[in-house]
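I have placed the structure first, in the form of structure tokens, so that the comments after it can refer back to it.
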Amino acid sequence: MQLIAFFLCEAINEMPDGRVNILGAGINGMSPPALYPVDLEMVVFCRLAADPTEIGEHTISFRLIDEDGQDILPKLDGDFDVEEDTMVSNLIFHFSPLEVPGEGEYSFELVVDDEPIASQPFIAPPSEIEDIELDLDEV
């Protein structure tokens, strides 16, 4: 399996003929939020090409992990078919919402037939508001 494209974007629409309309491609991080956690709307797009020996059904696994390799989302598992007439598969994952729990470096991981295929980093910067301590005696 050959990886043709793997990226994060704002929105995507797949046409019946396999073409895709993509909005806001190339996301690799976010603006600093006021506070965490924050919910984002995001789409992950992957296009794979197969050779004739790979026609048929394949397994896929998709994960979002933190710096320590811990899952942020439940792992997504599924199947997809490589068809003889195109031998190209578009894989589209919609996240609405995607909760980012805090600042740090995250990674979107794609595994096909138990083989790691791609990894896409995602950076969540520190929040704009530092921890605030309130002195309730002064209020």
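Bear in mind these aren't lab numbers, they're just calculated from the coordinates by the rules spelled out. Predicted, not measured: the structure shown is a model, and the values here were computed from it. Note that each Cβ is placed from the backbone with ideal geometry, even for glycine, and that neighbours are counted across all protein chains shown.
One table, with the values for the structure above:
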item	result
Of every Cα-Cα pair in the chain, the percent that sits beyond 27 Å	30 percent
Loop-located trypsin sites (Lys or Arg not before Pro) in the range 1-72 whose Cβ has at most 14 other Cβ within 10 Å (DSSP)	Arg19
Backbone HN-Hα couplings from phi across the range 112-122 [Karplus 6.51/-1.76/1.60, Hz, Gly and Pro as x]	10, 6, 6, 10, x, 10, 7, 9, 10, x, 9
Computed FRET value (nearest 0.05) for Leu35 with Glu105, which takes r as the C-beta separation and R₀ as 25 Å	0.85
J(HN,Hα) series, the range 37-53, from Karplus relation 6.51 cos²θ - 1.76 cosθ + 1.60, nearest Hz, glycine and proline x	x, 10, 9, 10, 9, 8, 10, 10, 10, 9, 10, 10, 10, 10, 9, x, 6
